[in-house]
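Novice: Quick one: structure below, then a few questions.
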Amino acid sequence: MNRRLISNKEISESVSECIDKMYQTLDEKGFGSYASIHEIGGVMKEEWREFWDEIHGNDHDQIVEELKDIATVCMFGVACIKAGFVD
């Protein structure tokens, strides 16, 4: 299978969009740390469900938004763990 190559520009733009989404979400919900690994897992599980719901709808714009939500949980979860604020 030959896969088309994604350019550095496309990757950079996508990463930037994910970071923007994370800060937008944090501005809305606050910068309070996740309390535990289990909380991170629960939030991730909910975003994962929403992602699969959008896959069934085949709306690429909504799928991208759900992927950004998943990225937000991942990035913020890493920040919370690295800060030492997660039990």
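Novice: Name every residue in region 1-20 that is surrounded by 10 or more Cβ atoms within 10 Å (Cβ to Cβ) and of a type in the set (Gly, Ala, Ser), in order of residue number.
Specialist: 12, 14, 16
Novice: Filter region 49-63 for residues that are of a type in the set (D, E, K, R), within 20 Å of residue 14 (Cβ to Cβ) and out of contact with any Asp or Glu (no Cβ under 7 Å at 6 or more places or on another chain) and give the result.
Specialist: Once the filter is applied, which keeps residues that are of a type in the set (D, E, K, R), within 20 Å of residue 14 (Cβ to Cβ) and out of contact with any Asp or Glu (no Cβ under 7 Å at 6 or more places or on another chain), region 49-63 yields 59, 61.
Novice: Another question about this same structure. When residues of region 76-87 are filtered for being under 22 Å from residue 16 (Cα atoms) and surrounded by 15 or more Cβ atoms within 10 Å (Cβ to Cβ), how many remain?
Specialist: 4
Coordinate-derived values only; no laboratory data. All values derive from a computational prediction rather than experimental measurement. Virtual Cβ from ideal backbone geometry, glycine too; neighbours counted across all protein chains shown.
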